[in-house]
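The values are calculated or read from the model by the stated rules, or taken from the named source; none is laboratory data. These numbers were taken from a predicted model, which means no experiment stands behind them. Please note: Cβ atoms are built from the backbone with ideal geometry, for glycine as well, and neighbour counts cover all protein chains shown.
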Amino acid sequence: MERSLWLRATILMCCFFVAPGVRDIKVRNKDYSDIYNHTLATILVEYASAVYMSDLTELFTWTCSRCKDKTEGFEIIELIVDVQNCLQAFVGIAENLNSIVIAFRGTQEHSIQNWIEDLFWKQLDLNYPDVSDAMVHHGFYSAYHNTTLRPGILTAVQRAKKIYGNIGIMVTGHSMGGAMASFCALDLAVNLGEVNVQLMTFGQPRIGNGVFVSYFKRHVPKAVRVIHERDIVPHLPPYYTMFPQKTYHHFPREVWLYNIGFGSLVYRVEKICDGSGEDPSCSRSVPGTSIADHLMYFGVELEAATWASCGIVMNPGTVGFRADTDGNLVFSRDPAAALRQYRAAPAGSAATA
Ligand SMILES: *[C@@H]1O[C@H](CO)[C@@H](O)[C@H](O)[C@H]1NC(C)=O
Ligand SMILES: *[C@@H]1O[C@H](CO)[C@@H](O)[C@H](O)[C@H]1NC(C)=O
(Lines give C-alpha, C1' and ligand atoms only; values in the text may rest on other atoms or scores of the structure.)
(Ligands and ions follow the chains in the order given, each with its own letter.)
Protein backbone atom coordinates (compact mmCIF):
# COMPACT_ATOMS: atom_id res chain seq x y z
CA MET A 1 0.00 0.00 0.00
CA GLU A 2 2.70 2.43 1.05
CA ARG A 3 4.73 1.45 -1.91
CA SER A 4 1.93 2.04 -4.37
CA LEU A 5 1.25 5.44 -2.89
CA TRP A 6 4.88 6.29 -3.25
CA LEU A 7 4.84 5.10 -6.83
CA ARG A 8 1.79 7.18 -7.54
CA ALA A 9 3.47 10.23 -6.06
CA THR A 10 6.47 9.60 -8.25
CA ILE A 11 4.28 9.39 -11.31
CA LEU A 12 2.65 12.69 -10.38
CA MET A 13 6.03 14.30 -9.77
CA CYS A 14 7.50 13.37 -13.09
CA CYS A 15 4.46 14.72 -14.86
CA PHE A 16 4.97 18.16 -13.41
CA PHE A 17 7.68 18.83 -15.89
CA VAL A 18 5.66 18.28 -19.01
CA ALA A 19 3.50 20.81 -20.81
CA PRO A 20 0.29 22.01 -19.12
CA GLY A 21 -3.04 20.51 -20.11
CA VAL A 22 -5.31 17.65 -19.17
CA ARG A 23 -3.61 14.32 -18.72
CA ASP A 24 -4.78 10.85 -17.95
CA ILE A 25 -3.58 8.93 -14.97
CA LYS A 26 -4.61 5.37 -14.53
CA VAL A 27 -4.72 4.52 -10.87
CA ARG A 28 -4.78 0.77 -10.95
CA ASN A 29 -2.57 -2.19 -10.48
CA LYS A 30 -2.34 -5.09 -12.83
CA ASP A 31 -4.92 -7.16 -10.94
CA TYR A 32 -7.56 -4.72 -12.14
CA SER A 33 -7.24 -5.36 -15.86
CA ASP A 34 -9.75 -8.17 -15.37
CA ILE A 35 -12.27 -5.81 -13.85
CA TYR A 36 -12.07 -2.67 -15.93
CA ASN A 37 -10.91 -1.92 -19.45
CA HIS A 38 -10.65 1.79 -20.29
CA THR A 39 -10.66 1.22 -24.06
CA LEU A 40 -13.82 -0.83 -23.82
CA ALA A 41 -15.46 1.88 -21.71
CA THR A 42 -14.76 4.50 -24.38
CA ILE A 43 -16.37 2.22 -26.97
CA LEU A 44 -19.44 1.23 -24.97
CA VAL A 45 -20.19 4.83 -24.01
CA GLU A 46 -20.72 5.54 -27.70
CA TYR A 47 -23.40 2.83 -27.88
CA ALA A 48 -25.04 4.25 -24.75
CA SER A 49 -25.07 7.64 -26.49
CA ALA A 50 -26.34 6.43 -29.87
CA VAL A 51 -29.39 4.68 -28.40
CA TYR A 52 -30.76 8.13 -27.48
CA MET A 53 -31.16 9.06 -31.14
CA SER A 54 -34.77 9.46 -32.20
CA ASP A 55 -34.48 9.05 -35.98
CA LEU A 56 -35.17 5.34 -36.14
CA THR A 57 -34.20 4.97 -39.77
CA GLU A 58 -30.76 6.45 -39.18
CA LEU A 59 -30.32 4.42 -36.02
CA PHE A 60 -31.39 1.13 -37.59
CA THR A 61 -29.09 1.63 -40.55
CA TRP A 62 -26.33 2.88 -38.20
CA THR A 63 -25.93 6.14 -40.10
CA CYS A 64 -26.90 8.54 -37.28
CA SER A 65 -24.55 11.33 -36.20
CA ARG A 66 -23.56 9.35 -33.10
CA CYS A 67 -23.20 6.07 -35.03
CA LYS A 68 -19.58 6.65 -35.98
CA ASP A 69 -16.10 6.63 -34.62
CA LYS A 70 -15.45 3.59 -32.41
CA THR A 71 -18.73 1.87 -33.25
CA GLU A 72 -18.35 1.85 -37.01
CA GLY A 73 -19.45 -1.35 -38.67
CA PHE A 74 -22.03 -2.17 -35.99
CA GLU A 75 -25.06 -4.09 -37.26
CA ILE A 76 -28.33 -3.70 -35.39
CA ILE A 77 -30.40 -6.85 -35.55
CA GLU A 78 -33.24 -5.60 -33.38
CA LEU A 79 -34.34 -2.07 -32.50
CA ILE A 80 -37.22 -1.97 -30.06
CA VAL A 81 -39.28 1.13 -29.37
CA ASP A 82 -41.83 0.87 -26.60
CA VAL A 83 -43.96 3.83 -27.55
CA GLN A 84 -46.37 3.49 -24.62
CA ASN A 85 -43.63 3.66 -22.02
CA CYS A 86 -41.24 5.85 -24.00
CA LEU A 87 -38.41 3.31 -23.96
CA GLN A 88 -35.85 2.35 -26.57
CA ALA A 89 -33.19 -0.34 -26.83
CA PHE A 90 -31.23 -2.19 -29.48
CA VAL A 91 -29.40 -5.44 -29.93
CA GLY A 92 -26.66 -5.85 -32.51
CA ILE A 93 -23.39 -7.42 -33.47
CA ALA A 94 -20.07 -5.66 -32.90
CA GLU A 95 -17.67 -7.95 -34.68
CA ASN A 96 -14.63 -5.95 -33.55
CA LEU A 97 -15.64 -6.72 -29.95
CA ASN A 98 -16.64 -10.25 -30.92
CA SER A 99 -19.83 -9.54 -29.02
CA ILE A 100 -23.50 -8.94 -29.05
CA VAL A 101 -24.06 -5.40 -27.77
CA ILE A 102 -27.32 -4.45 -26.06
CA ALA A 103 -27.95 -0.77 -25.25
CA PHE A 104 -30.80 0.92 -23.37
CA ARG A 105 -31.84 4.54 -23.63
CA GLY A 106 -32.23 6.64 -20.49
CA THR A 107 -35.29 8.67 -19.76
CA GLN A 108 -36.63 10.88 -22.50
CA GLU A 109 -39.77 12.17 -20.82
CA HIS A 110 -40.26 15.57 -19.25
CA SER A 111 -37.05 17.23 -18.15
CA ILE A 112 -33.99 15.56 -16.71
CA GLN A 113 -34.36 17.84 -13.65
CA ASN A 114 -37.83 16.49 -12.87
CA TRP A 115 -36.73 12.93 -13.39
CA ILE A 116 -33.81 13.41 -10.98
CA GLU A 117 -36.02 15.06 -8.35
CA ASP A 118 -38.36 12.07 -8.46
CA LEU A 119 -35.41 9.75 -7.86
CA PHE A 120 -35.08 11.02 -4.28
CA TRP A 121 -38.37 9.38 -3.36
CA LYS A 122 -38.17 6.04 -5.13
CA GLN A 123 -39.09 3.25 -2.75
CA LEU A 124 -37.79 -0.30 -2.61
CA ASP A 125 -41.26 -1.46 -3.51
CA LEU A 126 -40.92 -4.82 -5.23
CA ASN A 127 -39.68 -8.21 -4.05
CA TYR A 128 -37.30 -9.44 -6.70
CA PRO A 129 -38.96 -12.69 -7.84
CA ASP A 130 -37.72 -15.92 -6.25
CA VAL A 131 -35.04 -14.27 -4.10
CA SER A 132 -36.23 -13.84 -0.54
CA ASP A 133 -35.65 -10.41 1.00
CA ALA A 134 -34.23 -9.00 -2.25
CA MET A 135 -35.99 -5.71 -2.91
CA VAL A 136 -35.79 -3.50 -5.98
CA HIS A 137 -37.43 -0.42 -7.40
CA HIS A 138 -40.61 -1.49 -9.19
CA GLY A 139 -40.41 1.19 -11.88
CA PHE A 140 -36.90 0.29 -13.06
CA TYR A 141 -37.65 -3.42 -12.83
CA SER A 142 -40.82 -3.25 -14.87
CA ALA A 143 -39.34 -0.91 -17.49
CA TYR A 144 -37.27 -3.91 -18.51
CA HIS A 145 -39.38 -6.88 -17.41
CA ASN A 146 -42.90 -5.71 -18.13
CA THR A 147 -42.62 -3.97 -21.50
CA THR A 148 -41.90 -4.91 -25.11
CA LEU A 149 -38.16 -4.58 -24.41
CA ARG A 150 -37.53 -7.93 -22.73
CA PRO A 151 -39.17 -10.25 -25.29
CA GLY A 152 -37.59 -8.29 -28.16
CA ILE A 153 -34.13 -8.48 -26.63
CA LEU A 154 -34.28 -12.14 -25.65
CA THR A 155 -35.42 -13.30 -29.10
CA ALA A 156 -32.76 -11.16 -30.77
CA VAL A 157 -30.04 -12.64 -28.55
CA GLN A 158 -31.20 -16.14 -29.36
CA ARG A 159 -31.33 -15.37 -33.10
CA ALA A 160 -27.83 -13.91 -33.00
CA LYS A 161 -26.41 -16.87 -31.12
CA LYS A 162 -27.82 -19.28 -33.70
CA ILE A 163 -25.66 -17.58 -36.31
CA TYR A 164 -22.62 -16.46 -34.33
CA GLY A 165 -22.41 -19.26 -31.81
CA ASN A 166 -21.18 -18.60 -28.34
CA ILE A 167 -20.03 -15.00 -28.61
CA GLY A 168 -20.03 -12.70 -25.59
CA ILE A 169 -22.76 -10.30 -24.62
CA MET A 170 -22.10 -6.71 -23.51
CA VAL A 171 -24.95 -4.77 -21.96
CA THR A 172 -24.81 -1.02 -21.54
CA GLY A 173 -26.90 2.04 -20.83
CA HIS A 174 -26.80 5.46 -19.26
CA SER A 175 -28.86 6.77 -16.34
CA MET A 176 -32.18 4.90 -16.22
CA GLY A 177 -30.90 2.98 -19.24
CA GLY A 178 -28.15 1.70 -16.94
CA ALA A 179 -30.77 0.49 -14.46
CA MET A 180 -32.56 -1.42 -17.23
CA ALA A 181 -29.24 -2.76 -18.55
CA SER A 182 -28.52 -4.15 -15.07
CA PHE A 183 -31.82 -6.02 -14.90
CA CYS A 184 -31.20 -7.29 -18.43
CA ALA A 185 -27.70 -8.60 -17.63
CA LEU A 186 -29.06 -10.41 -14.58
CA ASP A 187 -31.93 -11.84 -16.62
CA LEU A 188 -29.56 -13.14 -19.32
CA ALA A 189 -27.35 -14.78 -16.70
CA VAL A 190 -30.11 -16.31 -14.60
CA ASN A 191 -32.89 -17.08 -17.04
CA LEU A 192 -30.96 -17.71 -20.26
CA GLY A 193 -27.96 -19.26 -18.51
CA GLU A 194 -25.55 -16.95 -20.35
CA VAL A 195 -22.11 -17.19 -18.76
CA ASN A 196 -20.32 -14.59 -20.85
CA VAL A 197 -22.29 -11.46 -19.92
CA GLN A 198 -20.52 -8.16 -19.25
CA LEU A 199 -22.30 -5.13 -17.91
CA MET A 200 -21.00 -1.59 -18.12
CA THR A 201 -23.24 1.32 -17.22
CA PHE A 202 -22.72 5.08 -17.04
CA GLY A 203 -24.24 7.24 -14.30
CA GLN A 204 -26.87 4.75 -13.24
CA PRO A 205 -29.03 5.13 -10.12
CA ARG A 206 -29.26 2.53 -7.36
CA ILE A 207 -31.78 -0.20 -8.14
CA GLY A 208 -32.02 -2.58 -5.18
CA ASN A 209 -31.13 -3.39 -1.58
CA GLY A 210 -28.14 -5.22 -0.08
CA VAL A 211 -29.69 -8.68 -0.43
CA PHE A 212 -30.38 -7.97 -4.08
CA VAL A 213 -26.76 -6.85 -4.51
CA SER A 214 -25.42 -10.13 -3.06
CA TYR A 215 -27.55 -12.04 -5.53
CA PHE A 216 -26.61 -9.71 -8.38
CA LYS A 217 -22.85 -9.94 -7.95
CA ARG A 218 -22.98 -13.71 -7.76
CA HIS A 219 -24.67 -13.89 -11.17
CA VAL A 220 -23.14 -10.85 -12.90
CA PRO A 221 -19.57 -10.73 -11.63
CA LYS A 222 -18.41 -8.76 -14.67
CA ALA A 223 -20.23 -5.55 -13.86
CA VAL A 224 -18.84 -2.03 -13.92
CA ARG A 225 -20.67 1.17 -13.04
CA VAL A 226 -18.78 4.16 -14.34
CA ILE A 227 -19.42 7.39 -12.44
CA HIS A 228 -18.25 10.79 -13.64
CA GLU A 229 -17.11 13.25 -10.97
CA ARG A 230 -20.13 14.65 -9.11
CA ASP A 231 -22.84 13.13 -11.29
CA ILE A 232 -25.92 13.38 -9.09
CA VAL A 233 -27.80 10.31 -10.34
CA PRO A 234 -25.57 7.55 -8.87
CA HIS A 235 -26.19 9.16 -5.46
CA LEU A 236 -29.89 8.35 -5.84
CA PRO A 237 -32.10 6.93 -4.48
CA PRO A 238 -30.14 7.78 -1.33
CA TYR A 239 -27.95 5.34 0.55
CA TYR A 240 -28.67 5.50 4.28
CA THR A 241 -25.69 4.15 6.21
CA MET A 242 -27.85 4.07 9.35
CA PHE A 243 -30.23 1.51 7.86
CA PRO A 244 -28.06 -1.06 6.09
CA GLN A 245 -30.91 -3.58 5.82
CA LYS A 246 -33.47 -1.16 4.47
CA THR A 247 -31.51 1.11 2.20
CA TYR A 248 -30.74 1.05 -1.50
CA HIS A 249 -27.26 -0.30 -2.17
CA HIS A 250 -25.11 -0.21 -5.33
CA PHE A 251 -23.63 -3.38 -6.75
CA PRO A 252 -19.87 -3.48 -7.48
CA ARG A 253 -17.76 -2.41 -9.25
CA GLU A 254 -17.72 1.34 -9.28
CA VAL A 255 -15.12 3.06 -11.44
CA TRP A 256 -14.98 6.72 -10.49
CA LEU A 257 -13.71 9.31 -12.97
CA TYR A 258 -12.50 12.55 -11.45
CA ASN A 259 -10.00 15.33 -11.99
CA ILE A 260 -7.26 16.49 -9.71
CA GLY A 261 -5.58 19.78 -10.34
CA PHE A 262 -2.12 21.04 -9.55
CA GLY A 263 -2.01 24.67 -10.52
CA SER A 264 -2.61 24.81 -14.22
CA LEU A 265 -2.37 21.06 -14.64
CA VAL A 266 -5.44 18.88 -14.52
CA TYR A 267 -5.20 15.13 -14.29
CA ARG A 268 -7.98 12.74 -15.06
CA VAL A 269 -8.10 9.79 -12.71
CA GLU A 270 -9.98 6.53 -13.16
CA LYS A 271 -10.31 4.95 -9.76
CA ILE A 272 -11.29 1.32 -9.49
CA CYS A 273 -13.25 1.11 -6.26
CA ASP A 274 -13.58 -1.66 -3.71
CA GLY A 275 -15.81 -4.70 -4.02
CA SER A 276 -18.54 -3.43 -1.71
CA GLY A 277 -20.45 -1.35 -4.23
CA GLU A 278 -20.46 1.54 -1.76
CA ASP A 279 -16.77 2.43 -1.48
CA PRO A 280 -16.72 5.55 0.72
CA SER A 281 -13.52 6.76 -0.94
CA CYS A 282 -15.04 6.88 -4.43
CA SER A 283 -17.96 8.97 -5.71
CA ARG A 284 -19.47 8.93 -2.22
CA SER A 285 -16.55 11.01 -0.97
CA VAL A 286 -18.00 14.04 -2.76
CA PRO A 287 -21.54 15.44 -2.84
CA GLY A 288 -23.50 14.49 -5.93
CA THR A 289 -24.45 17.90 -7.17
CA SER A 290 -23.96 17.96 -10.91
CA ILE A 291 -26.34 17.37 -13.75
CA ALA A 292 -23.69 18.46 -16.26
CA ASP A 293 -21.41 15.64 -15.07
CA HIS A 294 -24.33 13.26 -15.59
CA LEU A 295 -24.75 14.17 -19.23
CA MET A 296 -21.14 13.77 -20.39
CA TYR A 297 -18.90 10.71 -20.02
CA PHE A 298 -15.48 10.43 -21.67
CA GLY A 299 -16.39 13.57 -23.61
CA VAL A 300 -19.41 11.81 -25.13
CA GLU A 301 -22.84 13.40 -24.87
CA LEU A 302 -25.39 11.20 -23.11
CA GLU A 303 -28.78 12.72 -23.49
CA ALA A 304 -31.62 12.98 -25.89
CA ALA A 305 -31.09 15.29 -28.84
CA THR A 306 -34.49 16.77 -27.99
CA TRP A 307 -36.12 16.45 -24.58
CA ALA A 308 -39.78 16.31 -23.72
CA SER A 309 -40.73 14.16 -26.63
CA CYS A 310 -41.31 10.50 -27.18
CA GLY A 311 -41.98 11.23 -30.81
CA ILE A 312 -40.82 8.90 -33.48
CA VAL A 313 -38.91 10.03 -36.52
CA MET A 314 -38.88 7.59 -39.35
CA ASN A 315 -38.31 7.64 -43.05
CA PRO A 316 -41.64 6.47 -44.54
CA GLY A 317 -39.72 4.12 -46.81
CA THR A 318 -38.16 2.20 -43.93
CA VAL A 319 -38.87 -1.46 -44.29
CA GLY A 320 -38.50 -4.40 -41.98
CA PHE A 321 -40.36 -3.17 -38.93
CA ARG A 322 -43.50 -4.44 -37.33
CA ALA A 323 -45.85 -2.73 -34.93
CA ASP A 324 -47.91 -4.44 -32.25
CA THR A 325 -51.49 -3.55 -31.37
CA ASP A 326 -50.29 -0.90 -28.90
CA GLY A 327 -48.25 0.81 -31.59
CA ASN A 328 -44.87 -0.34 -30.29
CA LEU A 329 -42.29 -0.86 -32.99
CA VAL A 330 -39.73 -3.55 -33.58
CA PHE A 331 -37.23 -3.32 -36.40
CA SER A 332 -35.51 -6.59 -37.21
CA ARG A 333 -32.70 -7.67 -39.45
CA ASP A 334 -31.68 -11.22 -40.12
CA PRO A 335 -28.36 -11.74 -38.32
CA ALA A 336 -27.30 -14.06 -41.14
CA ALA A 337 -27.67 -11.17 -43.59
CA ALA A 338 -25.68 -8.96 -41.25
CA LEU A 339 -22.95 -11.57 -41.23
CA ARG A 340 -22.91 -11.86 -45.03
CA GLN A 341 -22.72 -8.10 -45.34
CA TYR A 342 -19.80 -8.01 -42.94
CA ARG A 343 -17.93 -10.76 -44.74
CA ALA A 344 -18.50 -9.00 -48.05
CA ALA A 345 -17.24 -5.66 -46.79
CA PRO A 346 -13.85 -4.62 -48.17
CA ALA A 347 -10.97 -5.39 -45.86
CA GLY A 348 -10.38 -2.69 -43.31
CA SER A 349 -13.88 -1.23 -43.44
CA ALA A 350 -14.77 -2.99 -40.21
CA ALA A 351 -11.77 -3.09 -37.96
CA THR A 352 -11.04 -6.30 -36.14
CA ALA A 353 -9.32 -6.00 -32.79
C1 LIG B 1 -9.67 -3.92 -23.74
O2 LIG B 1 -10.72 -3.84 -24.69
C3 LIG B 1 -10.29 -3.68 -26.02
C4 LIG B 1 -11.50 -3.47 -26.89
O5 LIG B 1 -12.38 -4.54 -26.76
C6 LIG B 1 -9.46 -4.88 -26.44
O7 LIG B 1 -8.99 -4.71 -27.77
C8 LIG B 1 -8.29 -5.06 -25.48
O9 LIG B 1 -7.60 -6.23 -25.78
C10 LIG B 1 -8.79 -5.11 -24.05
N11 LIG B 1 -7.65 -5.13 -23.14
C12 LIG B 1 -7.50 -6.04 -22.19
C13 LIG B 1 -6.28 -5.91 -21.33
O14 LIG B 1 -8.29 -6.94 -22.02
C1 LIG C 1 -47.21 -4.97 -15.88
O2 LIG C 1 -47.90 -4.01 -16.66
C3 LIG C 1 -49.30 -4.11 -16.60
C4 LIG C 1 -49.89 -3.12 -17.60
O5 LIG C 1 -49.12 -1.97 -17.72
C6 LIG C 1 -49.76 -3.86 -15.16
O7 LIG C 1 -51.15 -3.98 -15.06
C8 LIG C 1 -49.09 -4.88 -14.24
O9 LIG C 1 -49.40 -4.60 -12.89
C10 LIG C 1 -47.57 -4.82 -14.41
N11 LIG C 1 -46.95 -5.88 -13.62
C12 LIG C 1 -45.86 -5.66 -12.91
C13 LIG C 1 -45.28 -6.81 -12.15
O14 LIG C 1 -45.31 -4.58 -12.85
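Annotations for the structure displayed:
- Contact map, segment 150-166: residues that are aromatic (Phe, Trp, Tyr) paired with residues that are part of a helix (DSSP H, G or I) and modelled with pLDDT under 95, Cβ distance under 9 Å, separation 6+ or inter-chain. Pairs shown: Tyr164/Glu95; Tyr164/Pro335; Tyr164/Leu339.
- Condition met for Thr172 (within 19 Å of Val81 (Cβ to Cβ) and within 16 Å of ligand 1 (Cβ to nearest atom)): yes
Residues are listed down the side, and each one gets a yes or a no for (1) modelled with pLDDT of 90 or more; (2) within 16 Å of ligand 1 (Cβ to nearest atom); (3) not aliphatic (A, V, I, L, M):
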site	(1), (2), (3)
Gln88	yes, no, yes
Gly92	yes, yes, yes
Arg105	yes, no, yes
Ser111	no, no, yes
Asn114	no, no, yes
Glu117	yes, no, yes
Asn127	yes, no, yes
Asp130	yes, no, yes
Val136	yes, no, no
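- Scanning segment 53-84 for residues that are more than 19 Å from Leu199 (Cβ to Cβ) and of a type in the set (Ser, Thr, Tyr) turns up Ser54, Thr57, Thr61, Thr63, Ser65.
- Filtered residues of segment 297-353 (kept if within 16 Å of ligand 2 (Cβ to nearest atom), polar (S, T, N, Q) and modelled with pLDDT of 75 or more): Asn328
- Long-range neighbours under 8 Å by Cβ, at least six apart or interchain, first residue assigned to a loop (DSSP other than H, G, I, E, B) within segment 303-320, second at pLDDT below 65: none
- Scanning segment 114-137 for residues that are crowded, with 16+ Cβ neighbours inside 10 Å and under 22 Å from the mean Cα position of the chain (by Cα) yields Trp115, Ile116, Leu119, Lys122, Leu124, Tyr128, Met135, Val136, His137.
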